[in-house]
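The values are calculated or read from the model by the stated rules, or taken from the named source; none is laboratory data. Predicted model, so just to flag it, every value in this text is computed and none were measured. Here the Cβ is made from the backbone with ideal geometry for all residues, glycine too, and neighbour counts use every protein chain on show. Areas reflect the complete protein model, heavy atoms only, side chains present, ligands, DNA and RNA absent. Shrake-Rupley method; radii C 1.70, N 1.55, O 1.52, S 1.80 Å.
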Amino acid sequence: KKVYKRYVIQASETIVGANTEEVLQKHLQASGTDSHPSAQFDLDHFGVQIVMTLLSSPYDAKADNFILDSDEHRFRFMGIDNDCLFSPLIYRVKEVHFPGVRSLLYALPMMHSAIPVTLKRQILSLPRALPF
C-alpha cells in the first residue's frame with residue numbers, strides 16, 4: 001500500500017507597509033513614554049478592525065501579525081497572519097478563566113474613542129437577518 005504525505009500550504013496577497021511592532025517600538029523609544037501615535041491612525045479604519053475582531057475573535061493578533069499601511073499620513077492596520085480566528089471567547093486552565101480573544105488593537109489608546117459616526121451609519125444601514 002502506497003503512503004501519501006500531506007502538506008499544508010498557505011498563500012496570501014503581498015501587503016506593503018511597515019511592521020507594526022517596529023513602528024510602535026520606534027515611537028516608544030523616541031517619546032520615552034508608553035504613549036502611541038494615535039493621531040496618526042485612520043480612526044474609521046481602526047473602528048472597522050475592532051468590529052472585525054468582535055466578529056472573528058482572534059487568538060493571536062499581536063503586533064507582528066499586522067502591517068501598517070499608510071495613506072495620506074494616516075496609518076491603517078492590515079492583518080497579515082489570521083490563522084488563529086474564531087477562538088473560544090473564554091478558556092479555562094485548571095480553575096482559572098482567561099479571555100480567548102487577544103488583539104493588540106484592544107491595548108491601543110484609540111480604544112478610548114467612540115466608534116466613528118460613519119461606521120455606525122454603515123452598520124445601522126445593513127439589513128437585519130433576525131428580528132430583534
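Within region 83-103, can you find the residues that are out of contact with any Gly (no Cβ under 6 Å at 6 or more places or on another chain) and part of a loop (DSSP other than H, G, I, E, B)? Passing the criteria: ASP83, CYS84, LEU85, PHE86, LYS94, GLU95, GLY100, VAL101, ARG102. Scan region 12-40 for residues that are open to solvent by less than 100 Å² (accessible area, probe 1.4 Å), part of a loop (DSSP other than H, G, I, E, B) and either among the hydroxyl-bearing types (Ser, Thr, Tyr) or modelled with pLDDT under 70 (or both) and the total you get is 5. If you filter region 85-107 down to residues that are of a type outside the set (Ser, Thr, Tyr), in contact with a strand residue (DSSP E or B) (Cβ under 8 Å, 6 or more places away or on another chain) and open to solvent by less than 80 Å² (accessible area, probe 1.4 Å), you find that the one that is modelled with the lowest pLDDT is GLY100. If you check ASP44 against the conditions, is it surrounded by 10 or more Cβ atoms within 10 Å (Cβ to Cβ), modelled with pLDDT of 75 or more and under 21 Å from VAL117 (Cα atoms)? Yes, satisfied. Within region 1-29, residues that are under 12 Å from GLY79 (Cα atoms) have Cβ atoms under 8 Å from residues that are at pLDDT below 80 and of a type in the set (A, V, I, L, M) in these pairs: SER12/ILE80; ILE15/ILE80, counting only partners at least 6 apart in sequence or on another chain.
Just one of the listed residues (ASP60, ASP69) is open to solvent by less than 90 Å² (accessible area, probe 1.4 Å), at pLDDT below 80 and within 18 Å of ILE15 (Cβ to Cβ), and it is ASP60. When every residue of region 112-130 is checked against the conditions, none turns out to be within 13 Å of the chain's Cα centre (by Cα) and either open to solvent by 40 Å² or more (accessible area, probe 1.4 Å) or of a type in the set (Phe, Trp, Tyr) (or both).
Is there a residue being aromatic (Phe, Trp, Tyr) and out of contact with any helix residue (DSSP H, G or I) (no Cβ under 9 Å at 6 or more places or on another chain) anywhere in region 97-107? Yes, there is a match, as at least one residue in region 97-107 is aromatic (Phe, Trp, Tyr) and out of contact with any helix residue (DSSP H, G or I) (no Cβ under 9 Å at 6 or more places or on another chain).
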